[in-house]
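K.L.:
Provided herewith is a single structure, encoded as structure tokens, for subsequent inquiry.
The values are calculated or read from the model by the stated rules, or taken from the named source; none is laboratory data. Values in this document were obtained by computation on a predicted structure and should not be read as measured data. Please note: Cβ atoms are built from the backbone with ideal geometry, for glycine as well, and neighbour counts cover all protein chains shown. Heavy atoms of the whole protein, side chains included, go into the accessibility calculation; ligands, DNA and RNA do not. Shrake-Rupley method; radii C 1.70, N 1.55, O 1.52, S 1.80 Å.
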Amino acid sequence: MDFVVTESYENVLLIRLNRPRQRNALNRQSLIELGAVIDSALNDDAIRAVVLTGSDQAFSAGQDLKEPEAPDYIELINATFDRLEKLPKPT
């Protein structure tokens, strides 16, 4: 994974967005990576809480404006954050 970095602290999973030059703007690849990490946390009973943060000076600038605003990109954004919202662990 290039754009999402994880660290574990006992039962807490720290997910760090890692595109500092773009102020952690969410492109397709970072959303795919974030979704995979969320799914992994869902299926890992050892993880009891999840913290999502950014790297360097920004949490996230939001949508990467260099990505074409195609319906599948918007669906990917929505699906990724729906999975995060529905994660049955404190986030």
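K.L.:
For the chain, with every protein chain kept in place, what is the accessible area per residue (1.4 Å probe, Å²)?
P.N.:
62
K.L.:
May I pose another question? How tilted is helix 71-86 with respect to the longest principal axis of the chain? Cα atoms for both, answer in degrees (0 to 90, nearest 10).
P.N.:
Taking the Cα atoms of the chain, the angle to 71-86 is about 20 degrees.
K.L.:
Let me ask something else about it. Can you give the net charge of the other residues whose Cβ lies under 11 Å from the Cβ of Asn11, counting K and R as +1 and D and E as -1?
P.N.:
-1
K.L.:
In degrees between 0 and 90, to the nearest 10, how far off the longest principal axis of the chain does helix 28-43 point, with axes built from Cα atoms?
P.N.:
20
K.L.:
Same structure again: Restricting to bridges with both residues inside the chain, how much of the DSSP beta-bridge set is antiparallel, in percent to the nearest 5?
P.N.:
50
K.L.:
Quote the relative contact order of the chain in percent (integer), defining contacts as alpha-carbon pairs under 8 Å separated by 6+ residues.
P.N.:
For the chain, the relative contact order is 35 percent.
K.L.:
How large is the charge dipole for the chain, taken about the Cα centre, if only the Cβ atoms of Lys, Arg (+1) and Asp, Glu (-1) carry charge, to the nearest 20 debye?
P.N.:
Around 240 debye, computed over the chain.
K.L.:
Moving on. Of the peptides 61-74, 3-16, 23-36, 44-57, how do they stack up when ordered by the mean number of other Cβ atoms within 10 Å, highest first?
P.N.:
23-36, 3-16, 44-57, 61-74
K.L.:
Semi-axes, largest first, in whole Å: what does sqrt of 5 times each Cα gyration tensor eigenvalue give for the chain?
P.N.:
Each semi-axis is √(5λ); the values are 22, 16, 9 Å.
K.L.:
So, one more: Could you tell me which of Thr53, Tyr9, Leu34 has its Cα farthest along the dipole of segment 1-81 towards the positive end, charges placed at Cβ (Lys, Arg +1; Asp, Glu -1), taken about the Cα centre?
P.N.:
Thr53
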